[in-house]
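One structure below.
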Amino acid sequence: QVQLVESGGGVVQAGDSLRLSCAASGGTFSTYAMGWFRQAPGKEREFVSAISRSAVSTYYANSVKGRFTISRDNAKNTVYLQMNSLKPEDTAVYYCAATKILRVGSPYYGMDYWGKGTQVTVSS
């Protein structure tokens, strides 16, 4: 059983940057593909980004491509989401997720474990 704890959310202005972190415990981190999802008020949870176990492959939603960067440090059991040029429409609760088998293109990319989320608010 993998436990995931997100951190780094906050209130920023449009154009600012934030870096989210997700610390994993309870499993062998390097055997899990990791992902970030977000859910805005009144909307369904949506895919943001994912990264393979060895970080060779990364995936992004079109809405964040070129602005967000996912990375991982397997020695620290941590995955990151660097968010630049933030927009008000990026406002959401951001969730970290993990899976042994990454199903690219499926709604939740096959994620099995989820964190509780961290709030990101971008003001205009």
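The values are calculated or read from the model by the stated rules, or taken from the named source; none is laboratory data. Note that the structure is a prediction, hence the values are computed from the model and not measured. We place every Cβ from the backbone using ideal geometry, glycine too, and count neighbours over all the protein chains shown. Only protein heavy atoms, including side chains, enter the accessible area calculation; ligands, DNA and RNA are left aside. Shrake-Rupley method; radii C 1.70, N 1.55, O 1.52, S 1.80 Å.
Quick look at the numbers
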| quantity | calculated |
| --- | --- |
| Calculated diffusion of the stretch 1-118, Stokes-Einstein form, Kirkwood radius summed over Cα pairs, 20 °C and 1.002 mPa s, µm²/s | 153 |
| 5 angstrom amide H check on Arg72, placed H, neighbours 5+ away | Tyr80 |
| Protein accessible area in the chain, 1.4 Å probe - carbon and sulfur % | 47 |
| In order through the stretch 84-93: 3J(HN,Hα) via Karplus (6.51 cos²θ - 1.76 cosθ + 1.60), integer Hz, x for Gly, Pro | 10, 6, 5, 10, x, 6, 7, 4, 4, 8 |
| Theoretical FRET efficiency, 1/(1+(r/R0)^6), r = Cβ-Cβ of Asn62 and Gln1, R0 35 Å, to 0.05 | 0.60 |
| Accessible surface, per residue, of the chain when the full set of protein chains is kept, probe 1.4 Å, Å² | 50 |
| Rounded to whole Hz, the Karplus (6.51, -1.76, 1.60) HN-Hα couplings of the stretch 13-20, x for glycine and proline | 9, 3, x, 7, 10, 9, 10, 8 |
| Heavy-atom SASA rank of Val56, Val48 (probe 1.4 Å, accessible area, largest first) | Val56, Val48 |
